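Beneath this line is the structure, given in structure tokens, with notes to follow.
The values are calculated or read from the model by the stated rules, or taken from the named source; none is laboratory data. Model, not experiment: these values are computed from the prediction. Backbone-built Cβ (ideal geometry, glycine too); neighbour counts: all protein chains shown.
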Amino acid sequence: MTNTNAEKIKEKIIEILEKHLEGLTIQDLSEIIGVHRQTITKYILVLEALGIVYRRSVGSATLHYLKEKWVKETIKESGK
């Protein structure tokens, strides 16, 4: 996978999480984006390390969210 694909997948994860404030599982993201769940896990970990995404366990599920600060900055930058 090239760097360009990696950036596209990370951007897609961010876009999807912006639309799903209720949080999504790795499996949900995998199905929406159409890539293997291990690929999603790899990029979720990168986004967590960058402070863009966080996870929370809810029962047996682990949900992933954009950090509130990131969402506000994205909205501010897009002029909404």
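Brief remarks on what is shown
- If you go through the range 1-38 and keep only what is in a loop (DSSP other than H, G, I, E, B), of a type in the set (A, V, I, L, M, F, W, C) and under 17 Å from E68 (Cβ atoms), you end up with just L21.
- Residue match in the range 22-36 (condition: at pLDDT below 95 and among the hydrophobic types (A, V, I, L, M, F, W, C)): no
- Extreme residue, farthest from I13 (Cα to Cα), among residues of the range 39-55 that are assigned to a loop (DSSP other than H, G, I, E, B) and touching a Lys or Arg at 6+ places or on another chain (Cβ under 8 Å): G51
- Checklist (1) at pLDDT 90 or above; (2) among the aliphatic types (A, V, I, L, M); (3) more than 12 Å from the chain's Cα centre (by Cα) applied to I75, failing item: (1)
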